[in-house]
């Protein structure tokens, strides 16, 4: 099986590539990434050498149909998986232009190229944030109405609807996956868990929005990857699949658990002004995944958080490299003129 992965140098994409190459020796991967601030080839250090016969990287923009077509025309993949997206909610509040460009226009570009070359399966990676905010009870199902509350989630909802329209209009084999909050190695340190972990390691304040009672459903990134392979191998075109971690946690609870794991005092927690449109609670019903594929997450939050903390503690050079922006200079020098 040949996979064409967009956004494969990002957090979830790079972990997915590592997972697939390690566990599925019959699978080959082309990684296509623009290498923006969140795309870091150091997330894939060693992959080139270890899997040289099954892995190739190309630098490029998903909004460029010509660039994508040039690569796909050489060998049409069995599956195109679109991880490429702008994902940081706070950045979308400051300026949403790039979110519309990448998440909507970029998705349309990939759909058009996939349609042109008759790619057998197209997977659109989405988020539970498209459903909006839950009350104190209940869970999101695949039929829950879309009620996005930030420019980011609105752009992802738009790309989902566009993708499904290609299934209904052109009979294009599109599948949507919507996952809860991921955590694990290589996550950009603006995100909640790596931000709190890295700050705690350095005895810096841990910023927590509002009253800290916002709830998210957390999933370890390798569990997400295992779910995606089930969808790739067995998923039905035209369907939406929710992927959840069965692990609801309040932000303040996560902050305290991180501090406790690192033997740091709770007075490092600092409550800061809440962000606009901050959804109160997410929770995913993944019973469709369980009923159709027998899938469910296997990594408990305690184990996943411990592994994540250990990874950041052991990879301070990676963290410093990201914070300083050195990784951007590296790939501009080495990949600046590469497709």
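The values are calculated or read from the model by the stated rules, or taken from the named source; none is laboratory data. None of these values were measured; they are calculated from a predicted model. Every residue, glycine among them, receives a Cβ derived from its backbone with ideal geometry; neighbour counts consider all protein chains shown.
From the set of residues in segment 130-157 that are surrounded by 24 or more Cβ atoms within 10 Å (Cβ to Cβ) and out of contact with any strand residue (DSSP E or B) (no Cβ under 8 Å at 6 or more places or on another chain), which is nearest to residue 174 (Cα to Cα)? Residue satisfying both the conditions and the ranking: 155. Residues in segment 1-12 that are more than 19 Å from residue 324 (Cβ to Cβ), in a loop (DSSP other than H, G, I, E, B) and either without any contact (Cβ under 8 Å) to a residue 60 or more places away in the chain or over 17 Å from the mean Cα position of the chain (by Cα) (or both): 1 alone.
On the stretch given as segment 76-114, residues that are surrounded by 24 or more Cβ atoms within 10 Å (Cβ to Cβ), farther than 20 Å from residue 28 by Cα and out of contact with any helix residue (DSSP H, G or I) (no Cβ under 7 Å at 6 or more places or on another chain) total 1.
Whether a residue is in contact (Cβ under 8 Å) with a residue 24 or more places away in the chain, within 19 Å of residue 277 (Cβ to Cβ) and in a helix (DSSP H, G or I) was assessed, and residue 227 does not pass this test.
Scan segment 180-209 for residues that are out of contact with any strand residue (DSSP E or B) (no Cβ under 7 Å at 6 or more places or on another chain) and in a loop (DSSP other than H, G, I, E, B) and jot them down. Those that are out of contact with any strand residue (DSSP E or B) (no Cβ under 7 Å at 6 or more places or on another chain) and in a loop (DSSP other than H, G, I, E, B): 185, 186, 187, 188, 189, 190, 191, 202, 203, 204. Every listed requirement among (1) surrounded by 17 or more Cβ atoms within 10 Å (Cβ to Cβ); (2) in contact with a strand residue (DSSP E or B) (Cβ under 9 Å, 6 or more places away or on another chain); (3) under 27 Å from residue 321 (Cβ atoms) is met by residue 68 save one, (3). Within segment 13-39, the set of residues being assigned to a helix (DSSP H, G or I), buried (at least 19 other Cβ atoms within 10 Å of the Cβ) and touching a helix residue (DSSP H, G or I) at 6+ places or on another chain (Cβ under 6 Å) comprises 14, 15, 16.
Only a single criterion out of (1) touching a strand residue (DSSP E or B) at 6+ places or on another chain (Cβ under 9 Å); (2) surrounded by 20 or more Cβ atoms within 10 Å (Cβ to Cβ) is not satisfied by residue 167, namely (2).
So how many residues does segment 40-77 have that are in contact (Cβ under 8 Å) with a residue 40 or more places away in the chain and either under 18 Å from residue 185 (Cβ atoms) or not in a strand (DSSP E or B) (or both)? So the answer is 20. Screening residue 219 against (1) closer than 26 Å to residue 323 by Cα; (2) at pLDDT 95 or above; (3) touching a helix residue (DSSP H, G or I) at 6+ places or on another chain (Cβ under 7 Å); (4) crowded, with 17+ Cβ neighbours inside 10 Å leaves a single unmet condition, (3). When segment 99-124 is filtered for residues that are touching a strand residue (DSSP E or B) at 6+ places or on another chain (Cβ under 6 Å) and either outside any helix (DSSP H, G or I) or modelled with pLDDT under 95 (or both), the ones remaining, listed by number, are 119, 121, 122, 123, 124.
Counted as qualifying within segment 230-317 are the strands (runs of 3 or more DSSP E) with 2 or more residues that are modelled with pLDDT of 95 or more, under 26 Å from residue 88 (Cα atoms) and in contact with a helix residue (DSSP H, G or I) (Cβ under 8 Å, 6 or more places away or on another chain), namely 240-243.
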